[in-house]
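The next block holds one structure in the form of structure tokens; read it before the comments.
The values are calculated or read from the model by the stated rules, or taken from the named source; none is laboratory data. Remember, predicted model here, so these are calculated numbers, not experimental data. Reconstructed Cβ throughout: ideal geometry from the backbone, glycine too, with neighbour counts over all protein chains shown. Ligands, DNA and RNA are stripped out before the accessible areas are found, and what is left, the full protein with its side chains, is counted by its heavy atoms. Shrake-Rupley method; radii C 1.70, N 1.55, O 1.52, S 1.80 Å.
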Amino acid sequence: MRVINDITAILTGMWTTWKHIFRRPVTIQYPEEKRIPAPRFRARIILTRDPDGGERCVACYLCSAACPVDCISMQSAEADDGRRYAEWFRINFSRCIFCGLCAEACPTMAIQMTPDFEICKRDIMDLVYEKEDLLVNHGGKDPDYNFYRHAGIGVTQPRGSAATEDPPVDVRGLMP
Amino acid sequence: MVTLTIDDKQVTASKNATIYEAAKAAGIQIPVICHDKKLNPFGGCRMCLVEVEQMKGRQIPACTTPVTEGMIVRTTTDEIIKARKMVLELLLLKHPIDCPVCDAAGDCDLQNLTYEYKVNTNRFQDEKFNWKIDYENPLIERDMNRCVHCGKCARICDEIVSYGAYSFINRGINAKIGTEYDGPLNCEFCGSCVSVCPVGALVSRPFKFKARWWAMNKVKTVCGYCGTGCQLTLGVKDSKVLTTIYDENQGFHNGQLCTRGRWGYQFINSDKRITTPLVKKNGSLQPATWEEALNVVSAKLKEAKSTPDSLAALVSPRLTNEELLLTRKLFKDLLGCDNVDHSAGYAHTALTSGAKESLGYPASPSVVADVQKSDLLLVINADLYQTHPVLGFEINLAVKRQGSAIQIVSDKKGKLSKLPEAKTSIYKPGAELLVINAIAKVILDENLLDSSAQSTGGFSAWQKGLESLSVDQAADQCGIAADEIKAIARNYAKAEKALILLPTGMGYPGHGKELAQAVINLALLTGKVGKEGSGVLILGEKNNSQGAADLSIHPTSGGKSALDIIAGCVSGSIKTLYVAGENPVVSYPNRKLVETALEKVEFLVVQDLFLTPTAAMADVVLPACSFAEKDGTFTSALGAVQRVNRAINPVGESRSDFRILNDLYNAVSGQPAFTDVKAAFQELSGTVAGYAGLSYDTLGDEGSVRPVSGTATFVPVAAAAPATESGKLALVTGSALNHSGTLSVYGEGPMLVCPEAYVELNREDAKSLSISDGDQVAIKSSTGELRLKAKVGSRLPKGVVFAPYHFADASINTVTAGSAVTFVTIGK
């Protein structure tokens, strides 16, 4: 009876094999063939710009604080117009685990994840991206957002004229 | 004590406590924004609202309401949380939501509370403030748009610092914290306002955007400037000291710091630090390896062992106790050389011979807690505020909060003279000894002395010494009216608790042995030594001056004192000079003489952080570490032995003084003196009086006040009439508020406020010499000539000029030669 059992087992296995031979394959021939990842796929990180073209990143250090593997570092500085910006900004992609916590922490929507997952390099040091490598010329997923329009400070517009503010009132003018 | 119930918990509190304090002691946190434990209750922010059952459940502020017996308090009901949310919403109505670009984010009370109370939206909407940001001073940035009107900055500046730079101005919606005429801030820049600001309205400019609060390591240590011994928290990132951090629970001063403690830290990571040993080759200093440098030095030391008299060492009292002990072991015990001294010799005699002979121990009989318990503070020289600013804050508190009377006897007015009802008596420069003796004489004449005085040793001899003194004549000579001297004497003798404060230092050659003995005599005469709130505080200038006095880092068996060592170098009897941390070229009297001495000495080793003018003349320069790079202990002028903790790695190839000296000891004797700092402290506690029973590990963060004991005796002190020279101005030296020794000039903060040497003149003198503020003037004495910037004010009496001693370029010791007063002529 062992012989019958063995033959049944082989036939069952071969049945699955033959079934799949005539199906459409699920694998693709990467890298000749490429699949488009979902828009919210978490891969290479970028630094975006606000609708006016200014750097969104204010170097608040929240991404580097949120980063579980400590792969983000920066130095903040102040521009003449009062804008806070990153003097240098560095992400070590050889260490990054693409968890997306930095993008979640970012209060200005500057740091965003893109679906570009192909970041292999021959030299590991090439995976350390500087600000020039990270900065892009668009607003990413939320192109209309500008932090300075909501912050209540007068960097991109005079105080009191932002989205959620009332224009200044001359209190003395209310006197009878 | 009263018993009350807070959140169903039985709490016992003192009857003076507020609900907030009682809750805090019981471990219940009530949120506050406008409250600080150092300040009087204000009740401005309404965050601390609690419900009290006896008050019909009304919401009352916990920080201003005193506890009563049987009170039933609830701190977190739904109603209260609703009210607190409303408070936050109202605060956020005007406060910009610019946390990402605000430097306070992470260390902001408003941010933390908004997060804690989940204030995610605001029911209200309004325009934000539109005040101009004050960028005009170098240290404090004032952005009044972020201000939440807690008033802490104005209150700390008034209550503790007693400067009053800030006040609420305008009314209603226009109200804000303003300065003098709403102009740019221009104050003494102690930075207390920055430390208490709950939001980012006041931020430190040197630290702005350097790092976030959470990214820094906080290392508790002790300030390395003056002798007050303030505890300090350093903010460290990437082995760099970036800032000092306020911790209201630190030390007797509750985290309060002065301008140099708070802003003077940059010297630690200064670019000017020496990073490699330097050895003189072909007439110039060349970088060398440690091995090479130490070999050169140890060979010279071995050579000197046979002729110890030709060797001498000048050691800075900025070193730790362990390093000073090691110096003593190396030079005194191993090499048999007693020519070891510090602080130009004269700046420590008040303690090491004055107090030692009069009291039996080289220290003050009083401690810092006595300041606030005293009825009368007798301050000798108003410069106390400049030499020990945080002790000045304690005096401010004693006078303004405890109602102590303050009498200043000084050669010039100072900030302390501006305290409420402060009495200032101005004597002629150099007459301090005569004034003290005259006060003692009045007490004797009017029989106001304490019954214990006559039984104290040496009384009759001392009394005899004073017999010839006539108060009227003394009054004439010293420039204070006889009635005024009598009034001071009566007030002092009659005060139940009276404390004499005497600052010492390299800038005060007159504050030596005799003056210390005179004030101790005065305290003994009125029975004020050994009582709480009474006694004498003799304040060493540097961070470990008291430690150096305790460890006898001065000639003890006939060796040469510092000034004799300099003279010995000139005459050629000293052939090898080891200078550790001292900068005699700038700080010792008579610069020209010191320079000649250092040129003449055959072999000069300098161990320092910077290439000071002294180090530049050396044959070997050994790079040492700052206080932030080493472990050890400092003993404050107030008697506390406190731990210094290593915050960063040594800069460059520099090594701690302990390691350098230990290596040299090893090279000379064949084995190191100690295995580590801890072993050194153990030996210290076994050999130095007062340190017995202390252990390095149990000192902890708080430190420990070491006890003193000895037998007090009267020591006769003769006082001569102060010298005068007609037609000349009397130059007195001293400390500037922003500086300490010659170290702070390497710190960015102090140099932004007080960047160069100056000479301070009275308005009348300036007018008669037709000098105006900021002019360059020439100062000429019999010793030398110097050009300095003039600063005209009304602090000094007519005929007296003042100059600080810290600055290497144009150092005042070019014209002074170590006497208490130097007579100079000033011209353009």
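Numerical summary
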quantity: Charge dipole magnitude, Cβ of K and R +1, D and E -1 - the protein assembly as shown, Cα centre, debye nearest 20; calculated: 1160
quantity: Solvent-accessible area lost in complex, 20 Å² minimum, residues of region B:160-175 relative to chain alone, 1.4 Å; calculated: B:Ile173, B:Asn174
quantity: Angle between chain B longest axis and helix B:78-94 axis [Cα atoms, degrees, rounded to 10]; calculated: 70
quantity: Distance histogram in 5 Å bins (all Cα pairs of region B:125-267, percent per bin); calculated: 2, 9, 19, 22, 19, 14, 9, 4, 2, 0, 0
quantity: Among B:Gly283, B:Ile826, B:Ser364 - extreme Cα towards positive end, dipole of chain B, charges at beta-carbon; calculated: B:Ile826
quantity: Expected 222 nm ellipticity per residue - DSSP helices of 4 or more, -39500 (n - 2.57), all of chain B, to 500; calculated: -7500 deg cm²/dmol
quantity: Peptide A:55-62 - average C-beta neighbours from other chains (10 Å radius); calculated: 4
quantity: Surface accessible to a 1.4 Å probe, per residue, for the residues of region A:45-152, Å²; calculated: 48
quantity: The protein assembly as shown shape via C-alpha gyration tensor axes, a/c threshold 1.5; calculated: prolate
quantity: Sequence ranges B:76-89, B:58-71, B:321-334, ranked by mean other-Cβ count within 10 angstrom, highest first; calculated: B:321-334, B:58-71, B:76-89
quantity: Drop in accessible area of at least 20 Å² in the complex versus isolated chain, residues of region A:72-91, 1.4 Å probe; calculated: A:Gln75, A:Ser76, A:Glu78, A:Arg84
quantity: Relative contact order (%) - chain B, alpha-carbon pairs under 8 angstrom, separation at least six; calculated: 14
quantity: Per-pair calculated FRET efficiency, R0 = 51 Å: A:Glu78 and B:Lys767 via Cβ, rounded to 0.05; calculated: 0.70
quantity: Cα-based Rg of region B:729-827 normalised by 2.2 N^0.38 Å, two decimals; calculated: 1.01
quantity: For peptides B:600-612, B:667-679, B:748-760, sequence by mean Cβ density within 10 Å, most packed first; calculated: B:600-612, B:748-760, B:667-679
quantity: Chain B, accessible area per residue, ligands and nucleic acids excluded (1.4 Å, Å²); calculated: 36
quantity: Helix A:2-21 vs. chain A, principal-axis angle (Cα, 0 to 90°, nearest 10); calculated: 40
quantity: DSSP-assigned coil residues among GluC sites (Glu not before Pro) in region A:1-104, each with at most 13 further Cβ atoms within 10 Å; calculated: A:Glu32, A:Glu33
quantity: Rounded to the nearest 20 debye, dipole of region B:539-643 from Cβ charges on Lys, Arg, Asp, Glu; calculated: 140
quantity: Cα-centre dipole for region B:125-267 with unit charges at Cβ (Lys and Arg positive, Asp and Glu negative), debye to 20; calculated: 500
quantity: Mean separation of Cα contacts under 8 Å, 6 or more apart, over the residue count of chain A: relative contact order %; calculated: 24
quantity: Sulfur and carbon atoms: percent of accessible area, the protein assembly as shown [1.4 Å]; calculated: 51
quantity: Neighbour net charge for B:Gly512 - beta-carbon separation under 13 angstrom, K R +1, D E -1; calculated: -2
quantity: Lys/Arg +1, Asp/Glu -1 at C-beta; the protein assembly as shown dipole; positive extreme among B:Pro66, B:Phe627, B:Ala165; calculated: B:Pro66
quantity: Under-5 Å amide H pairs with B:Gly178, H placed in peptide plane, nonlocal only; calculated: B:Ser167, B:Phe168, B:Ile169
quantity: Proximal charge balance of A:Arg149 [Cβ under 10 Å; K/R count +1, D/E count -1]; calculated: -4
quantity: Protein accessible surface hidden between A and B, which excludes ligands and nucleic acids, total in Å², probe 1.4 Å; calculated: 2100
quantity: Radius 11 Å from Cβ of B:Gly734, net charge of other residues (Lys, Arg +1; Asp, Glu -1); calculated: -3
quantity: Those residues of region A:47-66 whose amide nitrogen sits under 18 Å from the label point placed on A:Ile97, 7 Å along Cα→Cβ; calculated: A:63-66
quantity: Exercise: per-residue mean of other protein chain Cβ atoms within 10 Å, B:201-209; calculated: 2
quantity: Drop in accessible area of at least 50 Å² in the complex versus isolated chain, residues of region B:95-130, 1.4 Å probe; calculated: B:Pro100, B:Val101, B:Gln125, B:Glu127, B:Lys128
quantity: Separation of alpha-carbon centers, region A:12-35 and region B:577-591, rounded to whole Å; calculated: 86
quantity: Virtual spin-label span in nm between B:Thr698 and B:Ser468, 7 Å along Cα→Cβ; calculated: 5.4
